[in-house]
Amino acid sequence: MVTGRNLIIVLAIVAVFAGLHVLRKPDDEQLIKNQLSVLAEQATKQAGEQPMETITRAGKIAGLFADPCILKIENPGTEETLHHQEVLQRVTMARNVFSTLKVSFYDINVTVASSHQANVILTMRLLGQIDDESYTDTQEVEFDFSKPDKTWLISKVQLVEILEK
């Protein structure tokens, strides 16, 4: 019966580790990366997208932002404070320029400063169609995240100038 007893012990250990894995809460870095995945997914636009879907996606994107949030562009040196309605309008206008759009994030570096503040630097790639012409842009973007309640929200977006002309 020594083998049966060992089998029960091994099964109990496996069950404990499986339970811990299921109950394991995602860490802040993973929660932030999940928010970025939602952002990329909702910003992406397929050909023939219906107006209602555009509005729904823009609303989901606006929901990822703190109210208010800051948009900073180094060149031409602008900084704006935007509220949810303004984020919604800007996202809708930007997506309407494209007939198709694919948004991807690469080289994501998350730094969690505290339980309520984090910073992310990543490379954003846009591939799309504007009036039957291909559009491609790669940009370094810095995000500040805040966690006022239980959800990480984007509190600042900064487009980082990499090369100066």
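See the values below:
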quantity	calculated
Phi to ³J(HN,Hα) by Karplus 6.51 cos²θ - 1.76 cosθ + 1.60 over the stretch 43-53, Hz, x for Gly, Pro	6, 5, 10, 8, 4, x, 4, 6, x, 5, 5
Cα centroid of the stretch 54-80 to Cα centroid of the stretch 117-146, whole Å	12 Å
Estimated vicinal HN-Hα couplings, Hz - the stretch 86-99 in sequence order (Karplus 6.51, -1.76, 1.60; Gly, Pro = x)	5, 4, 4, 5, 5, 5, 4, 4, 5, 5, 5, 5, 9, 7
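Read-outs: derived from the displayed coordinates by stated rules, not from any lab. Everything quoted here is computed from the prediction, not taken from an experiment.
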